[in-house]
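Remarks on the structure that follows.
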Amino acid sequence: MNLEQLSSSAGFPIDVIIGAPAFKYGAVRVDYRRELITFGPSGSLGKCAAPIPLTIVSEIPMVEAEIRPAPNANPVKLKLVVDLGTRHQALMIGGPFVRSEAGKALIASGKVQQVGHGTGGEVQGSVARLAEMRLGGTVIPGVEAALSSGVKAFEIGLFDGSLGVPLWKAGAITFDYPAKTLCIEG
């Protein structure tokens, strides 16, 4: 596989891609602080203080999140892909949410800008701050979210958005597919 185009898009050399088969049968921990990837049997990479339920949909890791766009707003449930390739946004939201009244209000409160770059080119949208996001039992206040209807994968209805590296880059993320859990630390 030629990784030149991916390296060019990323802005740094990519020498290897680790795909679904490496995650399927055990636990995988990506420690950003130590720049270390660890593979082990399910349950072997340490106890998670706040496990997040993980669902695998067509070999894609998905979590359910609850966001509160504004402090007094009703919570909204979203299905989010956990994406180790999303380097610029902690949270990207598309699909029906961006067309809802809450989504339109959040977009209007944000800053219009390029929010990503996919296989189809640049993705335009708005970046706004949420009141909070809940993943499992963990509440994360003030998460910055990129909102766009320009991501085709979110428009087909399987997922509402994605979680990206900025959410865990100060620590580590552990996927345990057999145990159906995700752990974000740091």
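Listing for the model above:
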| quantity | calculated |
| --- | --- |
| Stretch gain in nm, segment residue 20-residue 129, where the contour uses 0.36 nm per residue and the Cα spacing is subtracted | 36.1 nm |
| Gain in span if fully extended, residue 60 to residue 99, counting 0.36 nm per residue against the direct Cα distance | 11.6 nm |
| Calculated on alpha-carbon atoms, Rg and Dmax of region 1-90 in Å | 16.2, 49 |
| Ascending count of other beta-carbon atoms within 10 Å, so fewest first, for 92, 1, 62 | 1, 62, 92 |
| Trypsin sites (Lys or Arg not before Pro) restricted to DSSP loop in region 149-180 with at most 15 other C-beta within 10 Å | 169, 180 |
| Loop sites in region 23-122: trypsin sites (Lys or Arg not before Pro), DSSP, at most 16 other Cβ within 10 Å | 33, 34, 47, 87 |
| Equivalent ellipsoid dimensions for the chain as semi-axes, Å, which come from the Cα gyration tensor, largest first | 26, 21, 14 |
| Residues 32, 177, 25 arranged by fewest to most Cβ contacts within 10 Å | 25, 32, 177 |
| Residues 160, 83, sorted so that the one with the fewest Cβ neighbours within 10 Å comes first | 83, 160 |
| GNM result for the chain, Cα springs below 10 Å: residue of 138, 174, 38 fluctuating most strongly | 38 |
| Between region 109-186 and region 1-72, the Cα center-to-center distance that results, in Å | 13 Å |
| Segment residue 155-residue 36, length gained on full extension (0.36 nm per residue, minus Cα span) | 39.4 nm |
| GNM result for the chain, Cα springs below 10 Å: residue of 90, 105, 145 fluctuating most strongly | 105 |
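Just so you know, all these numbers are worked out from the coordinates, no wet-lab data involved. Values in this document were obtained by computation on a predicted structure and should not be read as measured data. In this analysis, Cβ positions are derived from the backbone assuming ideal geometry, glycine residues included, and neighbour counts consider all displayed protein chains.
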